[in-house]
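Input: a single structure, listed below in structure tokens.
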Amino acid sequence: MIGSGIGGLSCAAILARYGFEVLVCESHSIAGGAAHSFERNGFHFDSGPSLFSGLSSPSPNPLRQVLDAIEVTLPCAQYDTWGCFLPEGNFDTAVGAEQFCEVLQTLRGDRAVREWQNLQRVMEPYAQAAIALPPAALRYDWGAAITIGQFLPSLARHGFAMGKLSGSFDRILREAVTDPFLQNWLNLLCFLLSGLPASDTSAAEMAFMFADWYRPNVKLDYPIGGSGALVNAIVQGFERLGGKLRLNAHVDRILVQQNRAIGIRLRSGEELRARRAVVSNASVWDTLKLLPPDALPERDRTQRQATPACPSFMHLHLGIDGANLPPNLACHHIIVNDWAAGITAPQNVVLVSIPSLLDPALAPPGKHAIHVYTPGNEPYELWQNFDRRSEAYVSQKAKRAAVMWHALERIIPDIRSRCEVELVGTPLTHERYLRRDRGTYGPAISAAKGFFPTGTTPISGLLCCGDSTFPGIGLPAVAASGIIAANSIASVSQHQALLKDIGC
Ligand SMILES: Cc1cc2nc3c(=O)[nH]c(=O)nc-3n(C[C@H](O)[C@H](O)[C@H](O)COP(=O)(O)OP(=O)(O)OC[C@H]3O[C@@H](n4cnc5c(N)ncnc54)[C@H](O)[C@@H]3O)c2cc1C
């Protein structure tokens with residue numbers, strides 16, 4: 001396995017569960033890829049994801065199914081409130097559909113509430129359809145006919161809704177919603193899920209989100225110990241099953257002989273042979289860099305290289321003095337500066353996460369750890385020519401970080417005087433620490449035009465998983481991609497036994 005992102009670790013965990021001998025080679029000194037945590041002066045920071053759901057009890061979330069398959073538990077704190085700073089005003093809202101009605105009533109009145117309630121009804125069959133076929137049933141060979149077969153009755157029941165899940169969410173949105181605020185809000189949710197607006201976000205992805213988030217009394221999860229605790233739980237589970245993880249093990253070549261992946265070569269020159277398969281969790285662009293130049297047909301290489309990429313991120317990690325913070329502060333906040341600018345516009349949307357409010361151990365006593373970021377909307381082009389040691393880079397960092405400071409000042413007005421640790425990350429940081437081409441959030445594949453590609457390659461014994469493969473970006477999706485790649489290496493009978501054990 002090349003890479004220990006959540007996609008790679010999920011694949012490794014399921015392979016270990018199947019009884020394969022698994023070695024994960026991770027370039028970085030910390031496992032987890034975009035989901036790794038790091039520590040500075042006693043503050044524990046998430047480098048990436050902060051929104052988790054369906055982890056604390058059995059759920060259709062493939063990530064939870066990975067945890068179940070390797071029998072690890074992940075203690076989570078639960079919460080249900082977000083802070084919103086939108087052009088319409090500032091408010092806290094509970095995640096659930098019912099509670100959002102109260103916000104709508106205040107902001108937009110009866111008609112918007114009725115549209116929202118109608119949308120919940122419209123989405124119900126799609127939400128059911130989206131979970132009718134668990135991704136864990138999929139594999140990339142003929143055996144899929146058998147493993148999917150057992151779900152045919154439920155697929156048939158949802159046949160009509162299934163049809164609509166293949167396009168973009170925009171079609172459903174435009175039919176059901178006319179209120180401009182609601183349209184903007186749903187467009188924002190699409191952007192947060194996929195890095196793309198509603199017109200390019202998959203209806204299936206949104207339907208899955210509706211199934212997960214808009215249940216009565218829903219609560220979201222936050223792993224105690226942060227995203228790194230999730231990573232550690234999977235690593236511990238798969239190591240217990242005999243799997244091995246090597247950190248600081250940068251792969252610089254996938255060894256290919258007679259169109260078969262036979263192993264990998266590390267930057268140190270060490271060569272490692274693979275008995276069954278090599279699986280790459282690196283992005284599509286980064287995987288191409290590892291292949292011998294003539295390993296792929298030219299057309300295939302060009303096509304993969306041309307995969308459109310989402311922009312990158314700006315990050316602000318702060319360790320602050322927590323004395324006398326505003327009361328009832330929510331852990332997560334969304335700031336949208338201007339709907340008219342477009343949801344994907346650079347510096348328009350800012351996310352703030354203060355996870356030490358849910359898990360105080362993430363910061364020294366009386367302090368808090370904060371992660372602010374501009375989600376997948378920072379153009380790499382603005383950064384690509386900077387030398388990271390130059391004065392110009394420092395000043396560009398200050399300039400482009402200002403929007404995150406302003407956002408945070410709306411939540412904690414005296415934030416600047418509280419700071420004890422201050423780290424600004426740019427697309428170059430993202431590229432460097434996450435080993436991701438151009439620091440991208442992932443492929444920008446429009447659901448209106450097609451699907452994410454499968455994890456298969458024309459090279460025998462070489463599979464891919466992670467957010468460059470089906471079903472796409474985000475923790476549940478990359479966990480699913482890892483499970484599917486692992487299933488494709490296992491026998492059908494092993495696969496069927498796993499489905500039974502994880503309750504699918
Ligand atoms: C700031 C941010 C916030 C996010 N928020 C959320 C959220 O709230 N909820 C959510 O569900 N999703 C969120 N996401 C998306 C989610 O985190 C990612 O989609 C997911 O973690 C990607 O996992 P992956 O396994 O595909 O890839 P990665 O995490 O990129 O892992 C790939 C791994 O491969 C390694 N690698 C690459 N090349 C090599 C090589 N040559 N040799 C060895 N190792 C190599 C890398 O070092 C890395 O560890 C967020 C992402 C970011 C960046």
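The figures follow:
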| quantity | calculated |
| --- | --- |
| In segment 363-382, the residues that are outside any strand (DSSP E or B), within 16 Å of the ligand (Cβ to nearest atom) and either farther than 25 Å from Leu193 by Cβ or touching a strand residue (DSSP E or B) at 6+ places or on another chain (Cβ under 7 Å) (or both) | Tyr380 |
| Within segment 211-231, tally of residues that are surrounded by fewer than 23 Cβ atoms within 10 Å (Cβ to Cβ) and either without any contact (Cβ under 8 Å) to a residue 12 or more places away in the chain or among the aromatic types (Phe, Trp, Tyr) (or both) | 2 |
| Within segment 153-211, considering residues that are of a type in the set (Asp, Glu) and in a helix (DSSP H, G or I), the one nearest to the chain's Cα centre (by Cα) | Glu205 |
| Answer from Ala330, Ala274, Ala340 - the residue that is over 29 Å from Ile483 (Cβ atoms) and either within 16 Å of the ligand (Cβ to nearest atom) or buried (at least 20 other Cβ atoms within 10 Å of the Cβ) (or both) | Ala330 |
| Yes/no for Ala31 being over 26 Å from Lys219 (Cα atoms) and among the hydrophobic types (A, V, I, L, M, F, W, C) | yes |
| Asn184 vs. criteria surrounded by fewer than 22 Cβ atoms within 10 Å (Cβ to Cβ), away from the ligand (no atom under 14 Å from the Cβ), of a type outside the set (D, E, K, R) and at pLDDT 95 or above | yes |
| Residue check for Asp141: among the acidic types (Asp, Glu) and surrounded by fewer than 17 Cβ atoms within 10 Å (Cβ to Cβ) | yes |
| Filtered residues of segment 133-154 (kept if under 22 Å from Gly455 (Cβ atoms) and among the aliphatic types (A, V, I, L, M)) | Leu133, Ala136, Ala137, Leu138, Ala144, Ala145, Ile146, Ile148 |
| Inter-residue pairs, beta-carbon under 6 Å, first over 12 Å from Gly322 (Cβ atoms) and in segment 407-421, second of a type in the set (Gly, Ala, Ser) and surrounded by 15 or more Cβ atoms within 10 Å (Cβ to Cβ), 6+ apart | Val421/Gly319 |
| Only listed residue being more than 14 Å from the chain's Cα centre (by Cα) and part of a loop (DSSP other than H, G, I, E, B), chosen from Leu74, Leu67 | Leu74 |
| Filtered residues of segment 452-496 (kept if under 25 Å from Glu298 (Cβ atoms) and either part of a strand (DSSP E or B) or more than 15 Å from the ligand (Cβ to nearest atom) (or both)) | Thr456, Thr457, Pro458, Ile459, Ser460, Gly461, Leu462, Leu463, Cys464 |
| Cβ pairs under 9 Å, 6+ apart, first in segment 288-306 and touching a residue at least 40 places away in the same chain (Cβ under 8 Å), second in a loop (DSSP other than H, G, I, E, B) and surrounded by fewer than 14 Cβ atoms within 10 Å (Cβ to Cβ) | Ala295/Asn259; Ala295/Pro458; Leu296/Pro458; Pro297/Pro458; Asp300/Pro458 |
| Strands (runs of 3 or more DSSP E) lying entirely in segment 1-54 (those with 1 or more residues that are crowded, with 24+ Cβ neighbours inside 10 Å, at pLDDT 95 or above and of a type in the set (Asp, Glu)) | 43-46 |
| Counted residues, segment 433-449 - those being modelled with pLDDT of 95 or more and more than 18 Å from the chain's Cα centre (by Cα) | 0 |
| Index of the failed condition, Gly89 passing every other in (1) within 16 Å of the ligand (Cβ to nearest atom); (2) over 24 Å from Ile172 (Cα atoms) | (1) |
| Criterion: out of contact with any strand residue (DSSP E or B) (no Cβ under 8 Å at 6 or more places or on another chain) and among the polar types (S, T, N, Q) - qualifying residue of Ser47, Ser4, Ser29, Ser56 | Ser29 |
| Residue list for segment 451-504, restricted to those being in contact with a strand residue (DSSP E or B) (Cβ under 7 Å, 6 or more places away or on another chain) and of a type in the set (Ser, Thr, Tyr) | Thr456, Thr457, Ser460, Ser468, Ser488 |
| Unique residue being within 8 Å of the ligand (Cβ to nearest atom) and over 24 Å from Val350 (Cβ atoms) when the list is Ala16, Ala35, Ala12, Ala31 | Ala31 |
| Subset of segment 269-302 (residues that are in a strand (DSSP E or B) and within 25 Å of Gly439 (Cα to Cα)) | Val278, Val279, Ser280 |
| Pairs with Cβ under 6 Å, 6+ apart, first in segment 427-441 and farther than 15 Å from Gly5 by Cα, second more than 7 Å from the ligand (Cβ to nearest atom) and part of a loop (DSSP other than H, G, I, E, B) | Pro427/Trp383; Leu428/Trp383; Leu428/Arg388 |
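The values are calculated or read from the model by the stated rules, or taken from the named source; none is laboratory data. Keep in mind that what you see is a predicted model, and the values were worked out from it rather than measured. Note that we place each Cβ from the backbone using ideal geometry, even for glycine, and neighbour counts take in every protein chain shown.
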